[in-house]
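Structure, as structure tokens:
Nothing in this text is a laboratory measurement; each read-out follows from the coordinates by a stated rule. All values reported here derive from a predicted model rather than from experimental measurement. Because the Cβ atoms are built from the backbone with ideal geometry, glycine has one as well, and the counts that use them run over all protein chains shown.
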Amino acid sequence: WSDTVIVASGEGPYDALSASPLAYRLKAPVVLAGRDGLDEAMVRAVRDAGFRKVLLVGGESVVPVRVESQLGSLSVTRLAGATRYGTSAEVVAYALEHRILEADGVVLASGENYPDALAGGALAGRTGNVLALVDGPDARSVGLAAEAQSDGNRETAFVLGGPVVFGQWTMERIAAKLNKHIQ
């Protein structure tokens, strides 16, 4: 493992899924917290493993403030938005800003039904790209990915679930915004 551990909610999959490519690239385990925080055995395991940094993924309503105090001796950064899409955008922004992941082959999935994002996390992690949960072409994550395109980037972005999930109009708008062919 690296010196980083990721903590997300164990109550719902979306925030952990958004962080899965980040976890892959950082070689960081994902620990799931309950509504009351981490159980004492998990707190001991995290401390004993020698982690120095904690990325809390999700707002205080899903990863309680108590987790911060439970892991108080570690450097804690919270990546959170008002919704799962906002949190996904914060994860994307963090990964791009810290140059952990890229957006040249961005993987986009619906935040309404998790199986596509579950399958796409491995693809995004393996290719070094962000996974963004989106609810349409105007999602903040799409804009962040568009801004982070590099010269000589891949020609393709991956929209998981395709037009069945997003609709043809949405797919075309995402492709135009990213200036990419959609697979």
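Within straight cross-link reach of Lys27, meaning Cα distance under 16 Å, which lysines are found once same-chain residues fewer than 8 apart are removed?
Leaving aside lysines fewer than 8 places away in the same chain, those within reach of Lys27 are Lys53.
With log10 I(q)/I(0) by the Debye sum over Cα atoms at q = 0.15 Å⁻¹ as the read-out, I listed (i) -1.13; (ii) -0.79; (iii) -0.97; which label goes with the value calculated from this structure?
The value computed from this structure is option (ii).
Could you work out the relative contact order of the chain, using alpha carbon pairs under 8 angstrom and six or more residues apart, expressed as a whole percent?
That works out to 21 percent.
Run through the DSSP bridge list for the chain and note the antiparallel percent, rounded to the nearest 5.
5
List the trypsin sites (Lys or Arg not before Pro) within the range 19-91 that DSSP assigns to loop and that have no more than 14 neighbouring Cβ atoms inside 10 Å.
Counting only loop positions with at most 14 other Cβ atoms within 10 Å, the trypsin sites (Lys or Arg not before Pro) in the range 19-91 are Lys27, Arg35, Arg52.
Once all Cα-Cα distances of the range 33-101 are split into 10 Å bins that start at 0, what whole-number percent is in each one?
20, 47, 30, 3
When we measure straight from the Cα of Lys177, which aspartates and glutamates land under 12 angstrom away, once same-chain ones fewer than 8 places off are left out?
Asp138, Glu147
Restricting to DSSP H runs of at least four residues, report the calculated mean residue ellipticity at 222 nm for the chain, -39500 (n - 2.57) per run over all residues, nearest 500 deg cm²/dmol.
Helix-only estimate at 222 nm: -12500 deg cm²/dmol.
So how much slack lies between Leu32 and Thr77, counting 0.36 nm per residue of separation and subtracting their Cα-Cα distance, in nm?
14.6 nm
Loop only by DSSP, 12 or fewer other Cβ within 10 Å of the Cβ. Give me the chymotrypsin sites (Phe, Trp or Tyr not before Pro) in the range 1-99 that pass, ordered by residue number.
Trp1
Answer rounded, prolate or oblate for the range 73-150, using the Cα gyration tensor with square roots of eigenvalues a ≥ b ≥ c: rounded when a/c is under 1.5, else prolate when a/b is larger than b/c, else oblate.
Taking the square roots of the gyration eigenvalues as a ≥ b ≥ c, the range 73-150 is rounded.
Are there trypsin sites (Lys or Arg not before Pro) in the range 95-183 that DSSP marks as loop and that have at most 16 other Cβ atoms within 10 Å, and which are they?
Answer by residue number: Arg99.
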